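The values are calculated or read from the model by the stated rules, or taken from the named source; none is laboratory data. Nothing here was measured: the structure is a model prediction, and the numbers come from that model. Glycine also receives a Cβ, built like all others from the backbone with ideal geometry; neighbour counts cover every protein chain displayed. Heavy atoms of the whole protein, side chains included, go into the accessibility calculation; ligands, DNA and RNA do not. Shrake-Rupley method; radii C 1.70, N 1.55, O 1.52, S 1.80 Å.
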Amino acid sequence: MATTREGSLEAPIRHPIDWQSPEFYDEGALNQELERVFDICHGCRRCVSLCQAFPTLFDLVDNSESLEVDGVAKADYVKVVDHCYLCDLCYMTKCPYVPPHEWNLDFPHLMLRAKAVKYKKGEVKLRDKLLTSTDLVGSLAGIPVVSGLVNAALKHAAGRELVETVLQVDKTARLPEYHSDTLRKRHKHLIGRSAHGEPAGPTTGKVALFATCYGNYNEPGVNDDLIAVFEHNGIPVTLADKERCCGMPKLELGDLAAVDKAKQANIPVLKALVDDGWDIVAPVPSCVLMFKQELPLMYPDDPDVQAVKAAMFDPFEYLMLRHKHGKLNTAFAKPLGKVVYQASCHQRVQNIGQKTREALALVPDTTVEIIERCSGHDGTYAVKAEFHAASMKIVRPVATRVQQAAADHFGSDCPMAGAHIAHALARDGEQQHPITLLRMAYGL
């Protein structure tokens, strides 16, 4: 397998997403392809342990009269589609039939096509449209008085009962708090900043932080820590003049028109930063993947999208590239002891290797255990009433590994996944993002 960016693994062949073609939304053609792929999956079953989509498919087949895919009603295909949250692990880690194999399977992007057809038919709940409108929800819930009321309501049993009744959001699911003191407000002085960086390898040595909706409204502290760590390493950080959701929540909903709107808002701003010599990092792996993989596959002929892709980095990927060229500060002030963390699916899909583990392992008197299993959270899957139980089933093995490790620190590269794991352990708030641990190790 070839390598890129000085040692990162090159992804398998991935075909562009032909989302602007009328055939993409042809339900008859879609069902024909679903039946073809489901039949291959039924004969293989390697992915049964990854998520709930595959057990759902196999149960449908095993309970059909023919015991084959042709015995499953086409109307039931959506049950499989609804359980897929596009983690991509089946494509990247399990499926032996991905391109260039003649069977040409891309299960996640077939599910995306099915979600897009479902959305176009108007079969998506208002709740799902609301939950994936992260800019709107974050800006409203982040109003100073409103944020206090929202946070209080979400912590109260009566408030959760109401939310479950009205929005079908499971009353036992962990929901994030909203901050009126957002990341972009805290670091307004970084917006439009000018700076010089020291290049090293493929990095320019100065970084534009794509804060993300979650990192701006829900856990700005993670971005505070990222800024502190990068600046401590002599890497100037700036913020874009404006920023929209990356589009991943709408992608997972099948609302590709909304993805296009987000792309139209973000890409020109990010491309201008790239042209000015800035690299780009984001604290949420799903957002990094959106710019690295999904948008480039949706817009394969757009040079600006491809330029942003080339400049987009996972934070630990960036730091370890700098370390390879002797540009990482390794004067750590305190050990971390034993660390156990879950490598999020959307980080693993980037094929950058175990950069988080490598970085934390540089801290003296620190051992790092990595868990490479899905947390089952996704952006909204874990909070929906009809899917929460499945998400808890998926996270249980991860939570068990964390409990057995008896580590000093635990968390995930994905802030939402880390919180979900902590919730499964009844240890809400105890999770720590790896970038937070690195800041602790520096004594900052």
Worksheet item: Restricting to segment 282-296, what's the tally of residues that are assigned to a helix (DSSP H, G or I), touching a Cys at 6+ places or on another chain (Cβ under 7 Å) and open to solvent by less than 10 Å² (accessible area, probe 1.4 Å)?
Response: 3
Worksheet item: Which of the residues belonging to segment 209-261 are of a type in the set (Gly, Ala, Ser), surrounded by fewer than 21 Cβ atoms within 10 Å (Cβ to Cβ) and under 21 Å from Gly379 (Cα atoms)?
Response: Gly221, Ala257, Ala258
Fill in: Scope segment 117-132; condition assigned to a helix (DSSP H, G or I) and within 14 Å of Asn31 (Cβ to Cβ); matching residues
Val117, Lys118
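Per-residue answers, yes or no, for (1) under 17 Å from Glu372 (Cα atoms); (2) open to solvent by 30 Å² or more (accessible area, probe 1.4 Å):
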site: Thr400; (1), (2): yes, yes
site: Asp408; (1), (2): no, yes
site: Asp413; (1), (2): yes, no
site: Met416; (1), (2): yes, yes
site: His423; (1), (2): no, yes
site: Tyr442; (1), (2): no, no
Worksheet item: Inside segment 297-384, counting only helices (runs of 4 or more DSSP H) that do not spill past its ends, which hold 2 or more residues that are without any contact (Cβ under 8 Å) to a residue 24 or more places away in the chain, in contact with an Asp or Glu (Cβ under 7 Å, 6 or more places away or on another chain) and crowded, with 23+ Cβ neighbours inside 10 Å?
Response: none
Worksheet entry | First in segment 392-405 and farther than 14 Å from Gln431 by Cα, second anywhere and part of a helix (DSSP H, G or I), Cβ under 6 Å, 6 or more apart | Val395/His420; Val395/Ala424
Fill in: Residue among Asp255, Asp241 that is acidic (Asp, Glu) and more than 30 Å from Leu321 (Cβ to Cβ)
Asp255
Worksheet entry | Condition broken by Gly205, with the remaining ones in (1) part of a loop (DSSP other than H, G, I, E, B); (2) open to solvent by 20 Å² or more (accessible area, probe 1.4 Å) satisfied | (2)
Worksheet item: Among (1) closer than 21 Å to Thr204 by Cβ; (2) in contact with an Asp or Glu (Cβ under 6 Å, 6 or more places away or on another chain); (3) in a loop (DSSP other than H, G, I, E, B), which single condition is Lys271 missing?
Response: (3)
Fill in: Options Arg322, Arg357, Arg348, Arg396; residue that is charged (D, E, K, R) and under 24 Å from Leu251 (Cβ atoms)
Arg348
Practice prompt. Among what's in segment 390-414 and is of a type in the set (S, T, N, Q) and touching a helix residue (DSSP H, G or I) at 6+ places or on another chain (Cβ under 7 Å), pick the residue that is farthest from Ser49 (Cα to Cα).
Written response: Ser412
Worksheet entry | Members of segment 56-75 that are of a type in the set (A, V, I, L, M, F, W, C) and not in a helix (DSSP H, G or I) | Leu67, Val72, Ala73
Worksheet entry | Test for Asp128: is it touching a residue at least 24 places away in the same chain (Cβ under 8 Å), on the phi > 0 side of the Ramachandran plot, buried (at least 16 other Cβ atoms within 10 Å of the Cβ) and not hydrophobic (A, V, I, L, M, F, W, C) | no
Worksheet item: Would segment 9-21 turn up any residue that is open to solvent by less than 50 Å² (accessible area, probe 1.4 Å), at pLDDT 90 or above, more than 23 Å from the chain's Cα centre (by Cα) and more than 28 Å from Asp301 (Cβ to Cβ)?
Response: no
Practice prompt. Identify the residue in segment 55-109 that is of a type in the set (Ser, Thr, Tyr) and open to solvent by 40 Å² or more (accessible area, probe 1.4 Å) and, among all such residues, is farthest from the chain's Cα centre (by Cα).
Written response: Ser66
Item to complete: Would you check if Glu164 is surrounded by fewer than 18 Cβ atoms within 10 Å (Cβ to Cβ) and assigned to a loop (DSSP other than H, G, I, E, B)?
Response: no
